[in-house]
Amino acid sequence: MAEMLNGKVAIVTGSGRGIGRGIAKFMASEGASVVVVDPGVNVDGSGEDQPIAEQVVAEIKADGGNAIACKEWVYRDGRRREDYSVRLNNFGKLDIVVTCAGILRDRMIFNMSEQEWDDVIAVHLKGTFTVVKNASILMRQQRSGRIITFTSESGLMGNSGQANYGAAKSGIAGFTKVVAKDLGRYGVTVNAIAPRASTRMIADIPGSASEIRARSGVAPIAGEEDLASMDPDHIAPFVAYLASDFAENVNGQTFLCLWRYNISGLST
């Protein structure tokens, strides 16, 4: 059977764990050469240098795929540009960018520090800008490419205790629509995913948004009670479709991606 991404080169940020890991492995299984980007930090951004990117690369190679690791932070622009370019030289081009990298510093707005705000905005929003901006230069020159960003229901609908995260994810949704207009004329598509899946981003946070909503008498997000059973690997096939030639006419859209549910477009 033909591989959907055969011969493509992909960068997947935040691909050491969770949804990003599933995407990197699935894209490799579909024939893409993958740059696995993850500095190996804890969910709050601490503890840099865990060797998780290398572990994912080893798994991909063990399955017969092609991948290399990059442990750079997405928003450190000067270092990032040099580090990525060295890795891309191994593959000679760039076809796909997926921006999954993220951290959490959940806190109610009246308790949130400026540093907690800045750190989350830096990784999610500036990190997305930094990676997409530099990728867009290459993709514009080659007049082709696929960019898939990651927004969130927290940014689209709101979650208690996540002012920083929600603002960043809402910003990414708007950013995606604008960049889609900027790049569409060059054969580059840009779409956003709002995934619902069980990852450490929702599993390991004390005083999580769901608990805050429950204590406040606010109704849970539809399907939230089943979130723990939602395998993050099930997000990957749709992301791979958006990254493929089959999705050449899909641009500027935001998709709510649900495991065990139909995929619903949030914009037209």
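Since every read-out is calculated from the coordinates, none of them should be taken as a lab result. Note that the structure is a prediction, hence the values are computed from the model and not measured. Here the Cβ positions follow ideal geometry from the backbone for every residue, glycine too, while neighbour counts run over all protein chains shown.
Each residue in 44, 119 was given a count of other beta-carbon atoms within 10 angstrom of its own, and listing them fewest first yields 44, 119.
Each of 12, 188 was scored by other Cβ atoms within 10 Å of its Cβ. Listed from fewest to most, they are 188, 12. Taking the number of Cβ atoms within 10 Å of each Cβ as an exposure proxy, the fewest-first ranking of 75, 186 is 186, 75.
Segment 1-57 and segment 107-171 have Cα centres lying 19 Å from one another.
The modelled label-to-label distance for the pair residue 181/residue 108, using points 7 Å beyond Cα in the direction of Cβ, is 3.9 nm.
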